[in-house]
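Contents: one structure, followed by commentary.
The values are calculated or read from the model by the stated rules, or taken from the named source; none is laboratory data. Here the structure is a predicted model, which is why all the values come from computation and not from measurement. Cβ coordinates were reconstructed from backbone atoms using ideal geometry, including for glycine residues, and neighbour counts include every protein chain displayed.
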Amino acid sequence: MPGVFSDLDLSPNPLELARRRRLAAGGYLDLTSSNPTLQGLLFPPDILRAAADSFWDTRRYQPDPRGSEAARAAVVGYYAGRKPPLPLESDDVFLTASTSEAYSLLFALLADPGDNLLAPNVTYPLFEYLAALRGLELRPYPLREEDGWAIDERALYAAADACTRAVLIVSPHNPAGVVVSAPLAALSRLGLPVICDEVFAAFTYGVPHVPPLGALHADLPVFTLNGISKLFALPDLKLGWIALNAAARPFGPRLEVLNDTFLGANSLSQHLLPDLFALGMPFVARMAARVRANLDLALERLAGHPRLRVRPPDGGYYLFPAVSGWDDEETLALRLIDEGILVHPGYFYGDVPGTHLMLSALTEPATFAAGLERLVQAL
Ligand SMILES: Cc1ncc(COP(=O)(O)O)c(C=O)c1O
């Protein structure tokens, strides 16, 4: 059958079947959630209500292919306050429906079908699907677990060939938690455009702040991706952005055509954005503190366990501990479902030696604490 994903097996995998059975048999503690709205983290509704109020009387559909000027100015202000600042003009910002849509636009901007992109291994699993939609190959570059999941720069450099069009960096990384805090010589040597996903930038743990890669690498075209899904816990309001550093500006006019093709950014969410930045930061700080407290607890509970090796993340919500004594991640995850705990097996995130689990510290604290206890007992 023609068409993308036509050869994909769409039947539920054994973990999903086991999860459904366990749900029917009384439920489980879910330690995998990336959805703040289901973990008791709701952006203050009064701020949203007040900010939306002024939208209804003044609304006119006058779409700008880069997004509304006021919303873009708010994004510019946000990056001016980062450490180090990423200097932007409002025309350097493109508003999209989400970070995922932003990736898809950038893949079309930078590559033709048959070309390839360098992507981390382990990684956030959506890349495979986004690349397939554009007929692109993903070439993995390794993160070295023994080196705190740092990018293996030699392998990154070696992974490129004549058809490589861009490098994907996720910082803070999902799920390994590593932050790129200094320029990478391999990126400068490659000289390729870089797409840097920093959706977890507000969630710091081992580092004091996440430097925007576009500021660290003024020598390269860097497209910075972020949005309100993670930063403001508003995945349902669908707004993301692409910020181009000065070296990426030549791509702006063509990116404008691509963004104009969909005009995916919702007008109401664009209208809200200046108030989200102006009034939402205390909420962001509370949310980040909650994730940090969960990470503290998890590191304390898991660190002493003889079968677990867990590295404190630089940032993000996730832990990706290595488990000894189990060769098969799926068997382990199935066993844990039997014990009433849902975790992701490491292979959901790529292919690395050893056995790993993914736990999300976004989880509501009482559930997270109870789930950790069960996990420690079960292992
Ligand atoms: C690293 C990373 N990037 C992007 C996204 C998706 O963001 P959005 O909701 O803006 O598409 C996620 C969602 O989990 C993510 O983990």
Of everything in segment 211-233 that's out of contact with any Lys or Arg (no Cβ under 7 Å at 6 or more places or on another chain) and in a loop (DSSP other than H, G, I, E, B), which residue is surrounded by the most Cβ atoms within 10 Å (Cβ to Cβ)? 232
Please go through segment 50-88 and pick out each residue that is farther than 16 Å from residue 228 by Cβ and charged (D, E, K, R). 53, 57, 59, 60, 64, 66, 69, 82, 83
Which of (1) in contact (Cβ under 8 Å) with a residue 60 or more places away in the chain; (2) among the aromatic types (Phe, Trp, Tyr); (3) surrounded by 14 or more Cβ atoms within 10 Å (Cβ to Cβ) does residue 5 not meet, given it meets every other one? (3)
Can you confirm whether residue 204 is surrounded by fewer than 23 Cβ atoms within 10 Å (Cβ to Cβ) and within 16 Å of the ligand (Cβ to nearest atom)? yes
Which numbered condition in (1) within 14 Å of the ligand (Cβ to nearest atom); (2) surrounded by fewer than 17 Cβ atoms within 10 Å (Cβ to Cβ); (3) over 27 Å from residue 63 (Cβ atoms) is the only one that residue 175 fails? (2)
Taking segment 234-254 only, how many residues are surrounded by 15 or more Cβ atoms within 10 Å (Cβ to Cβ), within 16 Å of the ligand (Cβ to nearest atom) and not aliphatic (A, V, I, L, M)? 4
Within segment 8-33, how many residues are under 25 Å from the mean Cα position of the chain (by Cα) and in contact (Cβ under 8 Å) with a residue 60 or more places away in the chain? 7
At pLDDT 95 or above, of a type outside the set (D, E, K, R) and in contact with a helix residue (DSSP H, G or I) (Cβ under 9 Å, 6 or more places away or on another chain): which single residue out of 293, 370, 288 fits that description? 293
Do we find a residue being at pLDDT 95 or above, over 19 Å from residue 224 (Cα atoms) and outside any helix (DSSP H, G or I) anywhere in segment 176-188? yes
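Return yes when residue 363 is surrounded by 15 or more Cβ atoms within 10 Å (Cβ to Cβ) and either modelled with pLDDT under 95 or within 19 Å of residue 124 (Cβ to Cβ) (or both) and no when it is not. Outline the logic, then answer.
Working: surrounded by 15 or more Cβ atoms within 10 Å (Cβ to Cβ): yes; either modelled with pLDDT under 95 or within 19 Å of residue 124 (Cβ to Cβ) (or both): yes.
Spelling it out, residue 363 is indeed surrounded by 15 or more Cβ atoms within 10 Å (Cβ to Cβ) and either modelled with pLDDT under 95 or within 19 Å of residue 124 (Cβ to Cβ) (or both).
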Could you identify the single residue in 292, 311 that is buried (at least 18 other Cβ atoms within 10 Å of the Cβ), in contact (Cβ under 8 Å) with a residue 12 or more places away in the chain and within 17 Å of residue 205 (Cα to Cα)? 311
From (1) assigned to a loop (DSSP other than H, G, I, E, B); (2) within 15 Å of the ligand (Cβ to nearest atom); (3) under 19 Å from residue 221 (Cβ atoms), pick out the condition that doesn't hold for residue 169. (1)
